[in-house]
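Please read the structure below before turning to the comments.
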Amino acid sequence: MADQTYDVIVVGGGNAALCAALSAKEQGASVLVLERAPEETRGGNSHYTGGGFRIVHHGADDIKAVVPDLTDEEIAKTDFGEYSRDQYFDDLFSITQYYIDPDLAEVIVDNSFDTVQWLRSQGVRFLANYGRQAFNHKGKFKFFGGVVIYANGGGAGLIESEYECAAKKGIDVRYKTRAIELLEDDEGVAGVRVTVGRKKEDIHAKAVVLASGGFEANREMRTKYLGPGFDQAKVRGTRYNTGDGIQMALDIGAQSYGQWSGCHSVAWERYAPTFGDPNEPHAGYRHSYPFSIMVNSEGKRFLDEGADFRNYTYAKYGRVVLQQPGSFAWQVFDSQVTHLLRDEYKLRGATKVKADTLEELCDKMQDVDFQNFLATVKEYNAAVKRDVTFDPNIKDGRCTEGLAIDKTNWANPIEEPPFEAYSVGCGITFTFGGLKIDTTTRVQDIEDLEIPGLYAAGELVGGLYYNNYPGSTGLMAGSVFGRIAGREAGKFALAK
Ligand SMILES: Cc1cc2nc3c(=O)[nH]c(=O)nc-3n(C[C@H](O)[C@H](O)[C@H](O)COP(=O)(O)OP(=O)(O)OC[C@H]3O[C@@H](n4cnc5c(N)ncnc54)[C@H](O)[C@@H]3O)c2cc1C
C-alpha cells in the first residue's frame, strides 16, 4: 500500500469533479483527481452532454458578457429574451412539484451567472445556442427559457478545456483508479481506498470531494430503487457511474436524500447499445416527439406529446415509455413536419420505417396492433383544432379536443404521405437520489451534522430533482456545487 498524502482528493472525473479540483487548487491546496475511466473515455456523463447551461440572464448585455465573440449583427437579429431569478425558481419548483430543497435551489440560481463567468476564467468558452434553443421567428432568432448558452464543443469540449486547465495548474489525475472506500481517523474523513486493476491502495488526504455521479449504470441498483423494468433501460452515458461514491458515504453514516425512486430518462433509440458511445454521444436522441404522435404496441397514444417544450417534458417520458407493454413505443410523423426532425433521426442506427400509406406504415412497425393504430390516427386527426395555426417556435395552442389523452400544442394531423415512424425505448440519463449536503456542500449525517472533511457535488447530490428535471440544470448545478465544494474542501484542508 503506497502512502501518499494530498490536501484534497476529488473522486470522479466529470464536470462537477473538475470544477471542484480547479476551485480547490485556487485555494492553494494540493489536489488529486481519481477517475475510474481510462483517459480516452474520461469525463463521465459530462462528456456526453450537449454542453447546455441554464443561467439567470437579462438579455443581450448579459449574454455578451458570457459570449464576447457575439457580433453586433448577431445581437441585432436575436431576441435573447430574459430568464430572471424568479423564472428560474418557478421552473425548478414547478417541474419538481415543489419538492426541490429550496436552500439548494437558491444556491444554484444565485450562483449560476457568476459560476459561468468563473468557468470562463478557467478557459471554458461559451457560445449562443442558436441551433437548439432558438427559432427563427418573424425574421428574428428568438430564444426561449434559460438555456441560451452552451460550452464550445459541447460536453466533449467542456471536459477537454477543464482537463487542460487542470494540467496547467498542476492538478494530478489518476485514471483507471476506482475509489471504493472512505478512510477515516478520529477527526473525520482522511482519504480514499482505491483499486487499480485488482490491487488495493490507500491515498490519504485532509478532505475528500465526492463527485462520482449517480447509480444509473448499475443495473442492480436501478432495479432495486427505480423499480421493475429499469434493469432493461439503456444507459445514455458512461458505464462507470455505478453509485460507488454514494455507497462509500452511506457506509460511514451519510444521510440518503432526495428521490431514490426517481431518475432522468428519455425516449431513446430502441436498439441503442447498453451504454452510451463516447464517440457518438447523441446518436440515440429522439427528441422531436412534440411534433409526433407516440403509440404503444396496442396502437394507442399514452401521453401528451405537446404538453410543453421538449426541455420540460423529455426527462420524464422515458419512464412512461418503459411502462408501456413491451417497454417500447413508436413516434409517428407525416411529411408536413419531417423537416423539423433533429439530425439524429437521420443517423445510421435509427429504427425507422417509412411508407406512403398508414396501412403500409403500420405493417412495417414491429409489434403494433394494426386496427387500433389506424383507429387512433383517425380519431386523433378528427380531434385536431385546425383553425389554430401550427407554429413550432412557440407553444402554439394547436391542440386536440375530446380525446382521452389530448395533445396540447403542435397537433399536426397525420395525413400527408410519406409517413415516417421511429421506434423508441427508455434511455436512462442519471438518477435523482443521493447524499444530503448543506449549502456549502458538506455531506450531512442522519442528524443533519456534517461529516468532517467530506464534501459532495454533481449527480450524486440528492434533493434537487423529483419526478422531472428542467433541461441543462445538471451541468449548472454540478459547476456551482463543484466550485463551492472545492473551495470549502481546500479551505478546510489548509486550516487543518
Ligand atoms: C446524453 C446526455 C446528454 C446530456 N445533456 C446535458 C446538457 O446539455 N446539459 C446539462 O446540464 N446536462 C446534461 N446531461 C446531464 C449531465 O450529464 C449531468 O447532469 C452532469 O454531467 C453530471 O456531472 P457529474 O460531474 O456529476 O457526473 P459525471 O460527468 O457523470 O462524472 C462522474 C465521474 O465519476 C467517475 N466515477 C464513477 N465512479 C467512480 C469511482 N468509484 N472512482 C472514481 N471515479 C468514479 C466517472 O468515471 C465520471 O468521470 C446530459 C446527460 C447525458 C447522458
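The values are calculated or read from the model by the stated rules, or taken from the named source; none is laboratory data. Values in this document were obtained by computation on a predicted structure and should not be read as measured data. Quick reminder, even Gly has a Cβ in these numbers, built from the backbone with ideal geometry, and neighbours come from all protein chains shown. Surface areas here come from the heavy atoms of the whole protein model, side chains and all, with no ligands, DNA or RNA. Shrake-Rupley method; radii C 1.70, N 1.55, O 1.52, S 1.80 Å.
Here are the numbers for the structure shown:
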read-out: Check on GLN331, touching a Lys or Arg at 6+ places or on another chain (Cβ under 7 Å) and either open to solvent by less than 40 Å² (accessible area, probe 1.4 Å) or charged (D, E, K, R) (or both); value: yes
read-out: Test result for ALA272, in a loop (DSSP other than H, G, I, E, B) and of a type in the set (A, V, I, L, M); value: yes
read-out: Restricting region 138-155 to residues that are at pLDDT below 90 and not charged (D, E, K, R), the residue that is farthest from the chain's Cα centre (by Cα); value: GLY139
read-out: Which numbered condition VAL320 misses (of (1) farther than 26 Å from GLY262 by Cα; (2) among the β-branched types (Val, Ile, Thr); (3) touching a residue at least 12 places away in the same chain (Cβ under 8 Å)); value: (1)
read-out: Some residue of region 427-444 being open to solvent by 10 Å² or more (accessible area, probe 1.4 Å), in contact with a Gly (Cβ under 9 Å, 6 or more places away or on another chain) and within 27 Å of GLY157 (Cα to Cα); value: yes
read-out: First in region 347-364 and within 15 Å of GLU416 (Cβ to Cβ), second anywhere and aromatic (Phe, Trp, Tyr), Cβ under 6 Å, 6 or more apart; value: ALA355/PHE419; LEU361/PHE419
read-out: Those residues of region 135-158 which are within 12 Å of the ligand (Cβ to nearest atom) and among the aliphatic types (A, V, I, L, M), in sequence order; value: VAL147, ILE149, ALA151, ALA156, LEU158
read-out: Residue match in region 37-59 (condition: touching a Phe, Trp or Tyr at 6+ places or on another chain (Cβ under 6 Å) and free of Cβ contacts under 8 Å to residues at least 24 places away in the same chain); value: yes
read-out: Matching residues, region 391-414, being surrounded by fewer than 15 Cβ atoms within 10 Å (Cβ to Cβ) and among the acidic types (Asp, Glu); value: ASP391, GLU401
read-out: Qualifying residue in region 44-51 (condition: among the polar types (S, T, N, Q), touching a Ser or Thr at 6+ places or on another chain (Cβ under 7 Å) and open to solvent by less than 30 Å² (accessible area, probe 1.4 Å)); value: yes
read-out: Hits in region 28-57 - residues which are among the acidic types (Asp, Glu) and assigned to a loop (DSSP other than H, G, I, E, B); value: GLU35
read-out: Test result for GLY243, open to solvent by less than 20 Å² (accessible area, probe 1.4 Å), more than 30 Å from GLY427 (Cα to Cα) and modelled with pLDDT of 95 or more; value: no
read-out: Test: VAL33 is in contact with a Gly (Cβ under 7 Å, 6 or more places away or on another chain), within 16 Å of the ligand (Cβ to nearest atom), open to solvent by less than 10 Å² (accessible area, probe 1.4 Å) and over 19 Å from ARG236 (Cα atoms); value: yes
read-out: Exclusive hit being part of a helix (DSSP H, G or I), in contact with a strand residue (DSSP E or B) (Cβ under 9 Å, 6 or more places away or on another chain), assigned by TED's automatic domain parsing to the domain that holds ALA190 and open to solvent by 10 Å² or more (accessible area, probe 1.4 Å), set LYS25, LYS64; value: LYS25
read-out: Sole residue being at pLDDT 95 or above, small (Gly, Ala, Ser), farther than 17 Å from ASN393 by Cβ and over 18 Å from the mean Cα position of the chain (by Cα), chosen from GLY299, GLY306; value: GLY299
read-out: Residue within region 52-67 that is among the basic types (Lys, Arg), away from the ligand (no atom under 16 Å from the Cβ) and more than 29 Å from GLY214 (Cα to Cα) present; value: yes
read-out: Where a residue in region 202-215 is open to solvent by less than 20 Å² (accessible area, probe 1.4 Å) and its partner, wherever it lies, is among the aromatic types (Phe, Trp, Tyr) and within 14 Å of the ligand (Cβ to nearest atom), with Cβ under 6 Å and at least six apart; value: VAL209/TYR455; GLY214/PHE430
read-out: Residue ID - surrounded by the most Cβ atoms within 10 Å (Cβ to Cβ), chosen from residues in region 362-379 that are within 32 Å of the chain's Cα centre (by Cα) and on the phi < 0 side of the Ramachandran plot; value: VAL368
read-out: Per-region count, region 182-201, residues surrounded by 15 or more Cβ atoms within 10 Å (Cβ to Cβ) and either of a type outside the set (A, V, I, L, M) or in contact with a Leu (Cβ under 9 Å, 6 or more places away or on another chain) (or both); value: 11
